[in-house]
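This report refers to the structure that appears directly beneath it.
The values are calculated or read from the model by the stated rules, or taken from the named source; none is laboratory data. Quantities reported herein were computed from a predicted structural model and do not represent experimental measurements. For neighbour counting, all protein chains shown are included, and Cβ atoms are generated from backbone atoms with ideal geometry for every residue, glycine included. Just so you know, the surface numbers come from the protein's heavy atoms only, side chains and all, with ligands and any DNA or RNA stripped out. Shrake-Rupley method; radii C 1.70, N 1.55, O 1.52, S 1.80 Å.
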Amino acid sequence: MDFEFTQEQQQFSDALRRWMEKDYTFEHRKKILHSETGVSSDAWNTLTELGMTALPVPEEQGGFSGSAIDMMVVMKEIGRGLVVEPYLATALGAQFLNLAGKQESLLEQVATGELKLAAALGEKQARFDLFDITTTAAASGDGYVLNGTKVVVIHGGQADQLIVSARSGGAQRDTKGISLFLVPANAAGVNRRDYRTIDGQRAADIRLENVQVPASALLGAAGEGWEILDAAADYGVTLLCAEAIGAMEALNASTLDYLKTRQQFGVPIGKFQALQHRMAEMFMQYQQASSMATLAAVKVASSDPVERRRTVSAAKARVGQAARFVGQQAVQLHGGMGVTDELPAAHHFKRLTMIEQTLGDTDYHLARFVAQPGFSQAA
């Protein structure tokens, strides 16, 4: 298998990196973080001009029909540059629309950057079990009425439309009876509490109080939304793994530079063999995680859901382990400076910490991997 990026993929990567080095520097990002909105419309417009918002959209809707590998290229650069714009949330939302079908008009708006999306999936009692849903969708006339609360919705406060999972039937933890709805963020009864997370990103808790939506807001068939939800979540995990790889790559590079410049006893501390061994282990952890993230990007579109779940969960678990090791080592090797806001290293570590807690942590995905059919026989 050829693991080299194509010329077009490399061009996407280079274009993003040039923009970040010129107009989305660490200092520029800090200004955005402390702005009133926590995001930048100029940065979003640049991402649109570079074709990033069109990448996950089918060609028929003005996009580039980008594969998960194409998206991996972009997400690595976003992880390296610590981009705080709602790109991940919108790309995940676009995947929901792709899987549900019949959403051509909205996908066209995603491609042009007009529409920002967010996936409102998590609930306070569910932890990482996306099928644990208490939000209800009651049939009413020719539509539905939604009631419930969604928590830690990534960029939920910046979205124009929300993709909401709700229960239209079945028990609280059944996979049957789950329906997916597209809800305007400004609809009557939608209350959003926006806040900044520890990594500088934005999230929101969203309360739905008698929110009325038409039947056309339903994504897929009523009560049959689990397969779409499960597949889209795996796609989101794959994007997160790629972002983590970019963050780890940046951490390794900044730590190596620090070891070459910080001096003790008249020599750079990078001359000490013990620290060289730690850098070598950081590099190996990164390489192993990168291989698994690439495999997940290849397999996430598999027609076999068992293969998809197994590979994606294996990747998230391995990436999570590597992210923890690389992040902790980078902070320790930087010394006290490693936890200050003045250095990008601290921000990369915080972002890796949040990625670990998004769409399932290492323990969750190890358990999911083990639970897939055929594991006990293979073991």
Quiz item: How large, in percent, is the carbon and sulfur part of the accessible surface of the chain at a probe radius of 1.4 Å?
Solution: 52 percent
Quiz item: Sorted by accessible area (1.4 Å probe), largest first, how do Thr340, Thr261, Thr362, Thr353 line up?
Solution: Thr261, Thr353, Thr340, Thr362
Quiz prompt | Stokes-Einstein D (µm²/s) once Rh is taken as the Kirkwood radius of region 1-146 over alpha-carbon pairs, at 25 °C in 0.890 mPa s | solution = 144 µm²/s
Exercise. Consider all pairwise Cα distances in region 1-73 and report the whole-number % of them above 16 Å.
Key: 57 percent
Self-check item: Probe 1.4 Å, accessible area per residue of region 209-310, Å²
Solution: 45 Å²
Quiz item: Mean residue ellipticity at 222 nm from the helices of the chain, using -39,500 (n - 2.57) per DSSP H segment of n ≥ 4 over the full residue count, to the nearest 500 deg cm²/dmol?
Solution: -16500 deg cm²/dmol
Quiz item: Under DSSP H, which helices of the chain have Cα atoms covering 27 Å or more of the helix axis and a Kyte-Doolittle average no less than 0.5?
Solution: 226-261
Quiz item: What order do you get for 271-277, 209-215, 79-85, 290-296 when each peptide is scored by the mean count of other beta carbon atoms within 10 Å, highest first?
Solution: 79-85, 290-296, 209-215, 271-277
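Determine the gain in length on full extension of the stretch Ala171-Gln10; use 0.36 nm per residue of separation and subtract their C-alpha separation, reporting nm with one decimal.
Roughly 53.2 nm would be gained on extension.
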Quiz item: Top to bottom by accessible area (1.4 Å), largest first, where do Lys299, Lys316 land?
Solution: Lys299, Lys316
Quiz item: Where does each of 20-32, 115-127, 237-249 land if you order them by average Cβ count within 10 Å, highest first?
Solution: 237-249, 115-127, 20-32
Self-check item: Kirkwood-type radius of region 144-261, with distances r between different C-alpha atoms, in Å
Solution: 16.4 Å
Exercise. Averaged over every viewing direction, what's the projected area of the C-alpha convex hull for the chain? Give it in nm², one decimal, please.
Key: 19.8 nm²
Exercise. When you have a sec, figure out the Kirkwood radius of region 80-227 from all distinct Cα pair distances and drop it here in Å to one decimal?
Key: 15.3 Å
Quiz prompt | Residues of region 90-146: accessible area per residue with a 1.4 Å probe, Å² | solution = 41 Å²
Quiz item: Between region 183-256 and region 84-113, how many Å separate their Cα centres?
Solution: 12 Å
Practice problem: Calculate I(q)/I(0) for region 232-379 by the Debye formula, one identical point scatterer on each C-alpha and no solvent, and give its log10 at q = 0.11, 0.13, 0.17, 0.21 Å⁻¹ to two decimals. | Solution: -0.45, -0.60, -0.88, -1.17
Quiz item: Using alpha-carbon positions, what is the distance between the centroids of region 293-320 and region 11-62, in Å?
Solution: 27 Å
Practice problem: State whether region 315-374 is rounded, prolate or oblate according to the following rule on the C-alpha gyration tensor (a ≥ b ≥ c being the square roots of its eigenvalues): a/c under 1.5 gives rounded; otherwise a/b larger than b/c gives prolate, and the remaining case gives oblate. | Solution: prolate
